[in-house]
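Visitor: Attaching a single structure in structure tokens format; questions to follow.
Just so you know, all these numbers are worked out from the coordinates, no wet-lab data involved. Just so it is clear, the model here is predicted, and its values are computed rather than measured. Every residue, glycine among them, receives a Cβ derived from its backbone with ideal geometry; neighbour counts consider all protein chains shown.
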Amino acid sequence: MKRSISAIALAAALLMPQSAGADSNAWVAVTDGVSDKIKVYDPVVYNWNTLPAQRWEWKPNAAAGYSSAEIAAWDGAADVKLRDSGFWGGQVMATVSGAGLATVAAYPGGKELWSVVQGGTGTVNLHSIEVLPTGDVATVGSVEGKVRLYGVSHGIATPITYDLPDAHGVHWDDTRDVLWAVGKFTLVGLHVNYVNGVPEFSEFRKVPIPLTNGEIPYGHDVWPVYGNTDRLWIAVNWRVWQYDIAQNSWDDSYVGASVLHDSGQMVKSVGNVPSGQIVYTFPKTGWVTDTVSFTNPTATRPVTGAQIYKARPWIPGYDGTSGTAQDNLALKSSPSSSSTYESSTWGRAKAVDGQSGSVAGSYGFSSGVGKTTNHTEWFATGFTSPQAFNTVVIYPRSDSGYVGAGFPIDFKIQVWNGSAWLDRVTVTGYPQPGNAPQTFSLGTTDWSTAIRIYATKIPKVGPTDYLMQFAEVEVLNQ
């Protein structure tokens, strides 16, 4: 279920003291065995025991569409991932429980989209899940020792399997179209092919995990190294490797390796956010901890009384991005502004509705009428979770007689970093455009929950009013 966080609580979050090592460019999801919930936290908030730190939470229930048998097969999550899914028509959350439930749910709404009960800890012991771009779903179970693939895209209920002793982790490599899975001794890459409408596995690669001090590796986790599509994080007993796919080699000398290799740290989950900061968990009692750890730079986020198994960067793309290059993120955003003129033709929402021209019923956005001198206006649009983007496209007003009218003259395009607006584009003296889209590169790829167009000089539209107007805003990662 989605937790509603009030504007007061959000404001409080932005005033919370920040750790020197906190990275604000990606939220972190944890699997908590006390509440049996998946909880998503904002690392920029120092105290994770406060409501402002928590951005979302979920567990299966009847209101979300789950049956009593499915709810009974849930005793907390063994893994969780956020994915962009064209098959499901938006972002989804995929999760598994050792008690047997594997499920895909809409994010952030939490409604059930697909589920199966595979068996409990004694027969399967589910450890990880992945949603493929096709909509198919892969799972791994340590007791069963198999990779399962459900042909969801073809309506196939019976999974195909691949034997992998003590299978613990699974990840889709979108660069190579390979499903990676890690087990007790082995890392394996599998192609998924459909033959006469039936899925089949074929091996892309099968490599032994290096031994550490002669010990059995017990591969536990596989996750992409964001920023390098040739590398995977592979967590095993007493060591965290980076596997170089292109070189077919293992590296334990990367930046941060010495911290992850400290004696006694049997890392259960590992990954990094786009900035390079590493997020990981290692058990304090049994298989769980009450703290999420960070390095490069170092920070910790304890949650009093929690039993955290894994912590995941809450990033929807397989390689650390959000969606494909041309996805218009603004279509799934919530707009706001300093003022607005709302009518059957104008409105905030009409600037993010996908209609790039000014047409009947959707002329676009206009600031409030009645101001007869120049003044400041802003238009912002926010996302439910951090998104990667580097380009903003503003479509001018295009209705007859008013082409380009209301386009700001002096303005900035800004991104939200969790506590302040950062300038990315500064423009002065911008001429009134025609009806062609105006494209602005931010100069870097940002990971943020909001963008803002902040204008300090706007034109007069008509005989008296000074207005900021445009037909549409797009936010892209190109």
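Visitor: Treating the Cα atoms of the stretch 204-261 as identical point scatterers in vacuum, please give the log10 of the normalised Debye intensity I(q)/I(0) at q = 0.20 Å⁻¹, two decimals.
Guide: -0.73
Visitor: Mind listing the long-range amide H neighbours of Phe204? Cut-off is under 5 Å, sequence gap 5 or more, other chains count too, H placed in the peptide plane at 1.01 Å from N.
Guide: HN-HN under 5 Å from Phe204: Gly189, Leu190, His191.
Visitor: More than 14 angstrom separation, counting every C-alpha pair in the stretch 437-478; what % is that? Before the final figure, lay out each step's value.
Guide: On the way: 533 of 861 pairs.
The answer is 62 percent, as a whole percent.
Visitor: Provide the per-residue ³J(HN,Hα) series for the stretch 133-150, in order, calculated from phi with Karplus coefficients 6.51, -1.76, 1.60 and θ = phi - 60°, each as a whole number of Hz, with x at glycine and proline positions.
Guide: Ordered by residue, 3J(HN,Hα) equals x, 6, x, 5, 10, 10, 9, 9, x, 6, 6, 5, x, 9, 9, 10, 10, 9 Hz.
Visitor: Mind ranking 305-313, 155-163 by how tightly packed they are, going by the mean number of other C-beta atoms within 10 angstrom, highest first?
Guide: 305-313, 155-163
Visitor: Same structure, new question: Normalised by the number of residues in the chain, what is the relative contact order in percent for Cα pairs under 8 Å and 6+ residues apart?
Guide: Relative contact order for the chain comes out at 11 percent.
Visitor: Something else: What percent of all Cα-Cα pairs in the chain falls in each 20 Å bin, counting up from 0?
Guide: Per 20 Å bin, starting at zero, the Cα-Cα P(r) for the chain comes out as 23, 50, 23, 3, 0 percent.
Visitor: Measuring from a point 7 Å past the Cα of Ser338 along Cα-to-C-beta, which residues in the stretch 443-475 have an amide N at less than 17 Å?
Guide: 451-461, 465-470
Visitor: For Met266 and Val369, what is the calculated FRET efficiency with R₀ set at 60 Å and r taken between the beta-carbons, to the nearest 0.05? List each step's numbers first, then the result.
Guide: Values: r = 64 Å, r/R0 = 1.06.
In this case the efficiency is close to 0.40.
Visitor: According to a simple spin-label model (label point 7 Å from Cα along Cα-to-Cβ), what is the distance in nm between Ala63 and Thr445?
Guide: 3.7
Visitor: In whole Å, what is the distance between the alpha-carbon centres of the stretch 47-95 and the stretch 397-411?
Guide: The two parts, judged by their Cα centres, are 44 Å apart.
Visitor: Can you work out the PRE-style zone for Thr123? Point 7 Å along Cα to Cβ, and I want the residues of the stretch 87-112 with backbone N under 16 Å.
Guide: Hits in the stretch 87-112 for Thr123 at 16 Å: 97-102.
Visitor: Select from Thr289, Ser253, Pro199 the residue farthest towards the positive end of the dipole of the stretch 7-313; place +1 on Cβ of Lys and Arg, -1 on Cβ of Asp and Glu, and compute about the Cα centre.
Guide: In the stretch 7-313, that residue is Thr289.
Visitor: Still on this model: Using only the alpha carbons of the stretch 144-192, what is the convex hull's orientation-averaged projected area in square nanometres?
Guide: Working: hull surface 14.1 nm².
Computed as one quarter of the Cα hull surface, the answer is 3.5 nm².
Visitor: Still on this model: Rg and Dmax of the stretch 78-146, Cα atoms, in Å?
Guide: 11.7, 35
Visitor: Quick one, what does Rg over Rh come out to for the stretch 73-230 if you take C-alpha atoms and the Kirkwood Rh?
Guide: Rounded to two decimals, Rg over Rh is 0.95.
Visitor: So, one more: Run the numbers for Glu200 and Val34: contour at 0.36 nm per residue of separation, minus the present Cα-Cα distance, in nm.
Guide: Length difference between fully extended and current span is 55.9 nm.
Visitor: Give the average over all directions of the projected area of the C-alpha convex hull of the stretch 194-305, one decimal, in nm².
Guide: Averaging across all directions leaves 9.5 nm² for the Cα convex hull.
Visitor: Next up: Which order do the peptides 273-281, 95-103 come out in when sorted by mean C-beta neighbours inside 10 angstrom, highest first? Could the numbers behind the result be given before it?
Guide: Working: 273-281: 21.7, 95-103: 25.4.
Ranked by mean Cβ neighbours within 10 Å, highest first: 95-103, 273-281.
Visitor: Give me Leu422, Leu187, Leu126, Leu329 sorted ascending by neighbouring Cβ count inside 10 Å, so fewest comes first.
Guide: Working: Leu422 14, Leu187 25, Leu126 30, Leu329 19.
In increasing order of surrounding Cβ atoms, one gets Leu422, Leu329, Leu187, Leu126.
Visitor: Calculate log10 I(q)/I(0) of the stretch 329-476 for q = 0.15 Å⁻¹, where I(q) comes from the Debye formula with a single equal point scatterer on each Cα and nothing for solvent.
Guide: -0.68
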